[in-house]
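Notes follow the structure.
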Amino acid sequence: MKKWKQGYARLDLVKKRRLWVWLIVMVLFFSVYIGATSFYLHKDRTQEEKYWTHYLNEKDQLTPQEETIAAGATRVNVGLYMENINEINIRNSYYTVTFQVWFKWQDNPALDMIENCEIYQGQIISSETLKDTTTGNIRYQLARVTAKVSKTFWTTRFPLSSYQLRMYLEPKASIEDILFVPDKENATINPNINVAGFDLQRFDTNLFVQEYANSKGDPEIEAQNESYVVTEYLAAMELNRDSIGLYIKCFIALVGTLGWVLIVLFICTYHNVDPLSMIPGALFGTVSNILVGANLVPDALHTGLLEFVNVFGILIILFASFAIITINRMRTYHEDDQYASFFGKHVFWLLTFFTILGNVVIPMAAYNFH
C-alpha cells in the first residue's frame, strides 16, 4: 500500500484523471452489465414456479353452461403412468415419451377409448393394448403409447435451462359425448426415469377444458349455436439440467480465449511487450465459440444466457484491446514506461476481477438450484 501511495503521488493531475476515468468507466459498465443480465436471468428462473401452478390449474373446471351440455356424456376416468422420456430435441422443438394410459367408464360398452383418443399438438407413434375388460357395466382399457409431442422450448437460460413438458390427451368427441375425469390418485411417473442431461423435478396431472374457436363443422353444435369444447387430460413434468456439462461444452473455448486475452494484457503491462497482434485470434476464437451453442438450439432463439455470456466475452476482449493500445501509446508517444506500467496493472487486475465475477454470477443467476 505504501509503495502504491508513493507511485500514485508522483502522478500529475492529468494522469490521475485518465486512470480514474478508466477505472470508473470499467466499474460502472461491467457492474451494470453483470447486474442487468443476472437480474433478467434470475427473474426468468423464478417464474418457473408461477408457470407450473398457472398452467397446471389453468382451466380445470367446467362452467355451469358446460356442465349442462355434458350432463348426458359418458364420464371416463383417465390415469397415466409415465414410463420414459425417450428424447428431448430442443433444436427441432419436440420430445417423445412412452407411457401407459388407462380408461374406465360405465354404461357405454360400445365405446373404444384407445381408438378414440389423440394428443393435442402431438402424434401417437405406436399404441399397444395391454388390457381390455368388461366387468358388469364397467369397461376398463389399458394401453402403452409412444408419442411425439411438439414443444417450443424456452431457451432464455440455455444451456442451463429447466423445462416444463405438458402433454394434453383428449377424446375425439366434445363434452356432449365424452367427459374426462382425471384419476389423480393413481397417476404417477417412473421413479427411475432416465433423461440424458436432465433430472426430473416434479410430475402432476389435472383436467384441462379446451374450447375451440370453431365448431369443426359439427352440424349438431352449429344447430345449437355452441362452441366445440373438449376435456383434456393434462400430464406435466419439469426437468432441470443435472450438471453444468453442456455449459462447459458451449463456453470452454470462450474461457480459454478470455484467459489468453488476460495473459496478453499481463505481458503488455509487466514485460513491456506489444502483443496487440495476438488479439484478432482471440476474437476469432470467440466467434467460433458462439457457433457451438448456436448449433444446439432452434434458429428462433430467445435472447438470454447464451448471448449474454458471449457478448460479455467480446466486451472483455475489447476493453483489453483498448487498454493495450493505451499502454503502447504511453510508451511510444509519451515515452512514459513508469506510468504505462502503473496504469496497466490497475486495468489488468480490475478486468481480471470482472472476468471472474461475470463468468460466475451470470450462469449462477440462470441455473435452477433445487
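The values are calculated or read from the model by the stated rules, or taken from the named source; none is laboratory data. Note that the structure is a prediction, hence the values are computed from the model and not measured. Neighbour counts are summed over all protein chains in view; Cβ atoms, including those assigned to glycine, are modelled from backbone coordinates with ideal geometry. Note: accessible area is taken over every heavy atom of the protein model, side chains too, but ligands, DNA and RNA are not part of it. Shrake-Rupley method; radii C 1.70, N 1.55, O 1.52, S 1.80 Å.
For the pair R202 and W349, label points projected 7 Å from Cα toward Cβ lie 4.7 nm apart.
Spin-label pair T133-Y270: with each label point 7 Å from Cα along the Cα-Cβ axis, the two points sit 7.8 nm from one another.
When the solvent-accessible area of the range 83-197 is split by element, carbon and sulfur atoms take up 42 percent of it, the probe being 1.4 Å. Annotation: per residue accessible area for the chain equals 50 Å², rounded to a whole number [probe 1.4 Å, protein chains only].
Seen against the Cα atoms of the chain and their longest principal axis, helix 13-56 is set at about 10 degrees.
Net charge in the neighbourhood of W105 (other residues with Cβ under 10 Å of its Cβ; Lys, Arg +1, Asp, Glu -1) is +2. In the elastic network of the chain, a GNM with C-alpha springs shorter than 10 Å, the most mobile of T135, T205, T188 is T135. Evaluate E = 1/(1 + (r/R0)^6) for N108 and L28, where r is the Cβ-Cβ distance and R0 equals 56 Å; express this FRET efficiency to the nearest 0.05. Step by step, r from the Cβ atoms, then E = 0.20. Between the Cα long axis of helix 305-332 and the first principal axis of the chain there is an angle of about 10°, rounded to the nearest 10.
Assuming charge only on the beta carbon of Lys and Arg (+1) and of Asp and Glu (-1), the dipole of the chain about its Cα centre is about 3180 debye to the nearest 20. Summing Lys and Arg as +1 and Asp and Glu as -1 over all other residues whose Cβ lies under 13 Å from the Cβ of F322 gives a net charge of +2. Given springs between every Cα pair under 10 Å in a Gaussian network model of the chain, which of A147, A320, A173 has the largest fluctuation? Largest GNM mean-square fluctuation: A173. Between the helical axis of 245-270 and the longest alpha-carbon principal axis of the chain there is an angle of about 10 degrees. Straight-line cross-link partners of K345 among the aspartates and glutamates, defined as a Cα under 20 Å from its Cα and at least 8 positions apart when in the same chain: D12, D274, E335, D336, D337. Helical runs assigned H by DSSP (4 residues or longer) give the chain a calculated mean residue ellipticity at 222 nm of -15000 deg cm²/dmol, each run adding -39500 (n - 2.57) before division by the residue total. With 25 Å as the limit, the listed pairs K59/K131; K148/K184; K43/K148; K50/K104; K59/K104 have K59/K131; K43/K148; K50/K104 beyond it between alpha carbons. Length available on full extension from R329 to T188: 0.36 nm per residue minus the Cα-Cα distance, which gives 43.9 nm.
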